[in-house]
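Enquirer: Let me begin by handing over the structure; questions about it come next.
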Amino acid sequence: MSCEIKEKDRVGTVNPIFTCQPAGAQFVSIGIKDCIGIVHGGQGCVMFVRLIFSQHFKESFELASSSLHEDGAVFGACGRVEEAVDVLLSRYPDVKVVPIITTCSTEIIGDDVDGVIKKLNEGLLKEKFADREVHLIAMHTPSFVGSMISGYDVAVRDVVRHFAKRENPNDKINLLTGWVNPGDVKELKHLLAEMDIEANVLFEIESFDSPVLPDGSAVSHGNTTIEDLVDTGNALATFALNRYEGNKAAEFLQKKFEIPAVVGPTPIGIRNTDSFLQNLRKVTGKPIPQSLVRERGVALDALADLTHMFLAEKRVAIYGAPDLVIGLAEFCLDLEMKPVLLLLGDDNSKYPNDPRVVALKENVDYDMEIVMNADFWELENRIKNEGLELDLILGHSKGRFISIDYNIPMLRVGFPTYDRAGLYRYPTVGYGGAIWLAEQMANTLFADMEHKKNKEWLLNVW
Amino acid sequence: MPHHEFESSKVIPERKQHVVIKGKGETIADALPQGYLNTIPGSISERGCAYCGAKHVIGSPMKDVIHISHGPVGCTYDTWQTKRYISDNDNFQLKYTYATDVKEKHIVFGAEKLLKQNIIEAFKAFPQIKRMSIYQTCATALIGDDINAIAEEVMEEMPEVDIFVCNSPGFAGPSQSGGHHKINIAWINQKVGNLEPEITSDYVINYVGEYNIQGDQEVMVDYFKRMGIQVLSTFTGNGSYDGLRAMHRAHLNVLECARSAEYICNELRVRYGIPRLDIDGFGFEPLADSLRKIGMFFGIEERAKAIIDVEVARWKPELDWYKERLMGKKVCLWPGGSKLWHWAHVIEQEMGLKVVSVYTKFGHQGDMEKGIARCGEGTLAIDDPNELEGLEALEMLKPDIILTGKRPGEVAKKVRVPYLNAHAYHNGPYKGFEGWVRFARDIYNAIYSPIHQLSGIDISKDEVPTDSGFLTRQMLSDGNLSEEVRNSETLRQYTGNYDSVSHLREKEYPTFEPKAAAGA
């Protein structure tokens, strides 16, 4: 009986769980108001990332490419960045922030993006756009390092490093949400409002869920402003909810401005949400109000209906973003479930020493495996060839065929979830997220019981 | 020249050469935009890369192959599960994709050893699959890995496997079209002619430039089989690797998407003397003409005629039900490449629609020639459109529907134009007689969606009727129809099944007497 953490022992990837770094930087870019990122590389690096954002959110987001072609790959393509910045600014008068996001190709050919930005700042921006506030931000996100997760982490840091100033320290906190959904941001802001705490939210992506309006004017875009970003330097503290998606920025603010960083825990489940609120209370001195005591109670009431009756002992595999996977595993344990396999889709060397992973290793009283640098074959092969039995899979849509082919019910969670309607609208964090997760897991199991006629009569009297 | 300059593109004046409005009496000699030139950086073009053109569009629909991309995981992940090229072997090619997972150390020290390990691992994990395609990416092209050499080495060590190598990195050309070309040529150079097929018919074709989107290929192959034609291979939807090695033995190449696959047809003609016949599976007339042409080529025209008669009788009343209701509705026909000319005239003639604009993301001037020739006066034609131009065009044209990709479809939704997926389809297949009715049905459902009708109402200003709890599509579409049409006893809505393809896989076909025996 033990919990073991190990690396996948194959070198290759059969069905990847993650995409590469530039996708993470692009997710950051669309979260900022008046911002369009330019991805410096081949056109596919943008086209497909825009496509997957549109698959997940059922919305379109603006991102540009420097359109690297053959000549650029041979002779260097810095000129393409210069042209792209000029064209973009000329045609989008509201754009103020332009991240320049590198890719594997342009990192390998060694394009000096920082040099280009310096040149543009001293040249083009002064000459042609003198009356405009424009921020060009280099983001180095070679695809052969890390994953979309580290790309997100790097990009948040780069944005904060560019803007943060300590001018008038205030009582706000910085809330670095990590790579989450509009439903999560809404839930987090709700918790802060109940606590009467103001925050610079990185990133305000509730507006990703945008309407169709009679005049056709709606656009999906994030709403974190330059002022919010500058203000991160004035904050009382930084809460980086996800250890791997925002920590770098929190560390930067701590080092540069001595703003205390509270890293984690990802507020998934009751216990982690409790910790988040306790940390907020400690840092701000604001009490936890009765309204949240009540909300927590509503959540516990809902969970009590489900745990020992339906969820207990259920064997679960979880894959996706590390903070999400770990948070879900913790919550599942509280719900008496058995997460037996956790798949983390990249090779971050920090995972084995993550205190949450260490706690799992020390306390789990059944066999649990945590696989780093994992692909979907780590899951499928265990089911197909090694006798792994599962009651439930938690993860994003790219793993859908494992659920379909092996008849294992699956709750879509994380990014992307394009094969289910509207999931981005619901939270996985906070007490609201705890309710949503537990009830969706239960309903997924119920539908499966009926589909397979496996004690489907049980629900007659529940 | 009737070039059109978008307000949003005034600062990039070269764009004017890429946009035309076809004027009165003008032909393609007057109205032809420039095409397939380098993309303007930062313009927010919709184009993809040459890797996706090779691997994603053409390579991956091959159904019995391990498709492995040599590079970091992103190229593989991003192109995986974003299309609907199904197959009759439980969609192996949709479900599984492989990346060699190149990391920083491999960039520095080379990734050939990693590639070899990957190949061996992949064959070990999927022992029933003996065929592999390896796709180069930007990263491994730039570090100069010799993928061909590794593939040769493995094939020597594992004689039961066969490996194809496609060197088409993302930066190789202005768009995905560069990749189409590269994989066409790579396949004929490396693989065609190195396997001999069993010939079972007097009439043998390759079906080329067909990707089995939602079952298109299976519908078309059904007609071919009913004519007693042996389809040696399909390049590439639902196609098998070994079938495609035997392309040199066909009597005729039947070409569907000339944009993506004319190259291999032209090479097959030069190298093996196999003629090329361009056909069209979209639309009753073009499809009937196509089947007739194939029939004529083989001297079995009566077999084609028999099929056409049956199919037209079965489906024409349903197509016409929709045509009556789609008459005059304005369409922006904004696909990727060849559909702009496959669809332009025939949706006008057979569905009564009015094409107000065509565009192409990666088409060449030849595609625009064909498209514009088939369009009416006043049609706006755009090469390599970008985000702002697309919005400006929608504002100017106010179409009733747009046929385009998933993401641009989301842009259209915001300006209250319903969209149909031109690449992956909504509820396809759209080829074949039944498929064409399904297409008309999908267009009708989109245009007359009661929900879409609601989106134009501003409840803060407009007088909203309070006496109706619902509207049906027919309440919206039939108001202006004549009594005769509305009460027609011959016209009817689509009566096929949700899944119109799977039953074809169990179907038995008539056997025809061989020519030699018949003559004896």
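Enquirer: Of the residues B:PRO159, B:PRO174, which single one is at the interface with another protein chain (Cβ under 7 Å from one of its Cβ atoms) and either in a loop (DSSP other than H, G, I, E, B) or more than 24 Å from A:ASN381 (Cα to Cα) (or both)? So that I can check it myself, show each step before the final result.
Expert: On the way: B:PRO159 fails: at the interface with another protein chain (Cβ under 7 Å from one of its Cβ atoms).
Only one candidate qualifies: B:PRO174.
Enquirer: What are the residues in region B:114-141 that are within 12 Å of chain A (Cβ to nearest Cβ), surrounded by fewer than 21 Cβ atoms within 10 Å (Cβ to Cβ) and free of Cβ contacts under 8 Å to residues at least 60 places away in the same chain, if any?
Expert: If the condition is that a residue be within 12 Å of chain A (Cβ to nearest Cβ), surrounded by fewer than 21 Cβ atoms within 10 Å (Cβ to Cβ) and free of Cβ contacts under 8 Å to residues at least 60 places away in the same chain, then B:LYS116, B:GLN117, B:ILE120, B:GLU121, B:PHE123, B:LYS124, B:ALA125, B:PRO127 are the ones that fit.
One line per residue, one yes/no per condition, for (1) under 24 Å from B:HIS70 (Cβ atoms); (2) under 20 Å from the mean Cα position of the chain (by Cα); (3) in the same structural domain as A:LYS350 (by TED's automatic domain parsing); (4) of a type in the set (Val, Ile, Thr):
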| site | (1), (2), (3), (4) |
| --- | --- |
| A:VAL46 | yes, yes, no, yes |
| A:SER65 | yes, no, no, no |
| A:GLU82 | no, no, no, no |
| A:LEU120 | no, no, no, no |
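Enquirer: Given the conditions (1) in contact with a Ser or Thr (Cβ under 6 Å, 6 or more places away or on another chain); (2) surrounded by 17 or more Cβ atoms within 10 Å (Cβ to Cβ); (3) under 28 Å from A:GLY414 (Cα atoms), which single one is not true for A:ALA237?
Expert: Tallying (1) in contact with a Ser or Thr (Cβ under 6 Å, 6 or more places away or on another chain); (2) surrounded by 17 or more Cβ atoms within 10 Å (Cβ to Cβ); (3) under 28 Å from A:GLY414 (Cα atoms), A:ALA237 fails exactly one: (1).
Enquirer: For region A:46-64, which residues satisfy the criterion of being more than 12 Å from B:THR82 (Cβ to Cβ), facing chain B (nearest Cβ under 7 Å) and in contact with a helix residue (DSSP H, G or I) (Cβ under 6 Å, 6 or more places away or on another chain)?
Expert: A:GLU59, A:SER60, A:ALA64, listed by residue number.
Enquirer: Another question, if that's okay. Among the residues of region B:485-501, are any in contact with a Gly (Cβ under 8 Å, 6 or more places away or on another chain) and under 30 Å from B:VAL231 (Cβ atoms)?
Expert: Yes.
Enquirer: Further, regarding this structure: Looking at region A:398-435 only, could you name the residues that are without any contact (Cβ under 8 Å) to a residue 40 or more places away in the chain and not in a loop (DSSP other than H, G, I, E, B)?
Expert: A:ARG400, A:PHE401, A:ILE402, A:SER403, A:ILE404, A:ASP405, A:MET410, A:LEU411, A:ARG412
Enquirer: Something else about it: Pairs needed: first member in region A:134-148, at the interface with chain B (Cβ under 8 Å from one of its Cβ atoms); second member anywhere, among the acidic types (Asp, Glu); C-beta distance under 6 Å; at least 6 residues apart or different chains.
Expert: A:PRO142/A:GLU107; A:PHE144/B:GLU104; A:VAL145/B:GLU104; A:SER147/A:ASP346
Enquirer: Report the residue count in region B:95-127 for those that are out of contact with any Phe, Trp or Tyr (no Cβ under 7 Å at 6 or more places or on another chain) and either not in a helix (DSSP H, G or I) or not assigned by the TED database to the domain that holds B:THR76 (or both).
Expert: 9
Enquirer: Would you mind finding the one in B:ALA246, B:ALA258 that is touching a residue at least 40 places away in the same chain (Cβ under 8 Å) and in contact with a Leu (Cβ under 6 Å, 6 or more places away or on another chain)?
Expert: Of the residues listed, the single one that is touching a residue at least 40 places away in the same chain (Cβ under 8 Å) and in contact with a Leu (Cβ under 6 Å, 6 or more places away or on another chain) is B:ALA246.
Enquirer: Still on this structure, I have one more. Output the qualifying pairs, or none if there are none: Cβ atoms under 8 angstrom, residues six or more apart or on different chains, first residue in region A:242-266 and under 22 Å from A:GLY146 (Cα atoms) and in a strand (DSSP E or B), second residue modelled with pLDDT of 95 or more and of a type outside the set (S, T, N, Q).
Expert: Here the result reads A:VAL263/A:ALA240; A:VAL263/A:ARG243; A:VAL263/A:ALA250, each pair linking region A:242-266 to a residue that is modelled with pLDDT of 95 or more and of a type outside the set (S, T, N, Q).
Enquirer: Another question, if that's okay. Where the second residue is surrounded by fewer than 21 Cβ atoms within 10 Å (Cβ to Cβ) and the first is more than 8 Å from every other protein chain (Cβ to nearest Cβ) and lies in region B:80-94, which pairs have Cβ atoms under 6 Å and are six or more apart or on separate chains?
Expert: As it stands, the answer is B:LYS83/B:ALA424; B:ARG84/B:ALA424; B:ASP88/B:ARG505, since those pairs meet every condition given.
Enquirer: Wholly within region B:437-520, which helices (runs of 4 or more DSSP H) include no fewer than the required count, namely at least 2 residues that are surrounded by 10 or more Cβ atoms within 10 Å (Cβ to Cβ)?
Expert: B:450-454, B:473-477, B:483-486
Enquirer: Here is a further query. Which of the residues that make up region A:103-115 are of a type outside the set (D, E, K, R) and within 12 Å of another protein chain (Cβ to nearest Cβ)?
Expert: Hits for region A:103-115 are A:THR103, A:CYS104, A:SER105, A:THR106, A:ILE108, A:ILE109, A:GLY110.
Enquirer: In region A:11-36, how many residues are in contact with a strand residue (DSSP E or B) (Cβ under 8 Å, 6 or more places away or on another chain) and assigned to a loop (DSSP other than H, G, I, E, B)?
Expert: Of the residues in region A:11-36, 7 are in contact with a strand residue (DSSP E or B) (Cβ under 8 Å, 6 or more places away or on another chain) and assigned to a loop (DSSP other than H, G, I, E, B).
Enquirer: Test each condition in (1) at the interface with another protein chain (Cβ under 7 Å from one of its Cβ atoms); (2) on the phi < 0 side of the Ramachandran plot for B:ILE44 and report the one that comes out false.
Expert: For B:ILE44, the failing item is (2).
Enquirer: Could you tell me how many of the residues in region A:81-99 are touching a residue at least 60 places away in the same chain (Cβ under 8 Å) and either facing chain B (nearest Cβ under 8 Å) or touching a strand residue (DSSP E or B) at 6+ places or on another chain (Cβ under 9 Å) (or both)?
Expert: Residues that pass the stated criteria total 5.
Enquirer: Any idea which residue in region B:1-13 is surrounded by the fewest Cβ atoms within 10 Å (Cβ to Cβ), counting only those that are more than 19 Å from B:GLY378 (Cβ to Cβ) and either more than 14 Å from every other protein chain (Cβ to nearest Cβ) or small (Gly, Ala, Ser) (or both)?
Expert: B:SER8
Enquirer: Moving on. Condition check: at negative phi, at the interface with chain B (Cβ under 7 Å from one of its Cβ atoms) and assigned to a loop (DSSP other than H, G, I, E, B). Does A:LEU68 satisfy that?
Expert: Criteria met by A:LEU68.
Enquirer: A further question follows. For the structure I just gave you, tell me whether B:ILE443 is among the β-branched types (Val, Ile, Thr) and touching a strand residue (DSSP E or B) at 6+ places or on another chain (Cβ under 9 Å).
Expert: Values: among the β-branched types (Val, Ile, Thr): yes; touching a strand residue (DSSP E or B) at 6+ places or on another chain (Cβ under 9 Å): yes.
Yes, satisfied.
Yes or no, residue by residue, for (1) at pLDDT 95 or above; (2) assigned to a loop (DSSP other than H, G, I, E, B); (3) surrounded by fewer than 24 Cβ atoms within 10 Å (Cβ to Cβ); (4) away from every other protein chain (no Cβ under 11 Å):
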{"site": "B:ARG15", "(1), (2), (3), (4)": "yes, no, no, no"}
{"site": "B:LYS24", "(1), (2), (3), (4)": "no, yes, yes, yes"}
{"site": "B:TYR36", "(1), (2), (3), (4)": "no, yes, yes, yes"}
{"site": "B:LYS55", "(1), (2), (3), (4)": "yes, no, no, no"}
{"site": "B:MET62", "(1), (2), (3), (4)": "yes, yes, no, yes"}
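Enquirer: Still on this structure: Out of everything in region B:409-422 that is crowded, with 21+ Cβ neighbours inside 10 Å and part of a loop (DSSP other than H, G, I, E, B), what residue ends up being nearest to the other protein chains (Cβ to nearest Cβ)?
Expert: B:VAL417
Enquirer: Can you pull out the strands (runs of 3 or more DSSP E) entirely within region A:311-373 that have at least 1 residues that are among the small types (Gly, Ala, Ser)?
Expert: Because the criterion is at least 1 residues that are among the small types (Gly, Ala, Ser), the strands (runs of 3 or more DSSP E) in region A:311-373 that meet it are A:315-320.
Enquirer: Look through B:ILE28, B:ILE44, B:ILE66, B:ILE21 and report the one residue that is touching a residue at least 40 places away in the same chain (Cβ under 8 Å), in the same structural domain as B:PHE92 (by the TED database) and of a type in the set (A, V, I, L, M).
Expert: B:ILE66
Enquirer: Which pairs do you get when a residue that is more than 20 Å from B:TRP80 (Cβ to Cβ) and touching a residue at least 24 places away in the same chain (Cβ under 8 Å), found in region B:99-113, comes within reach of a residue that is of a type in the set (Phe, Trp, Tyr) and part of a helix (DSSP H, G or I), reach meaning Cβ atoms under 6 angstrom, with the pair 6+ apart or on two chains?
Expert: Matching pairs, first to second residue: none at all.
The values are calculated or read from the model by the stated rules, or taken from the named source; none is laboratory data. Just so you know, these numbers come straight off a predicted model, no measurement behind them. Every residue, glycine as well, gets a Cβ built from its backbone with ideal geometry; the counts of neighbours run over all protein chains shown.
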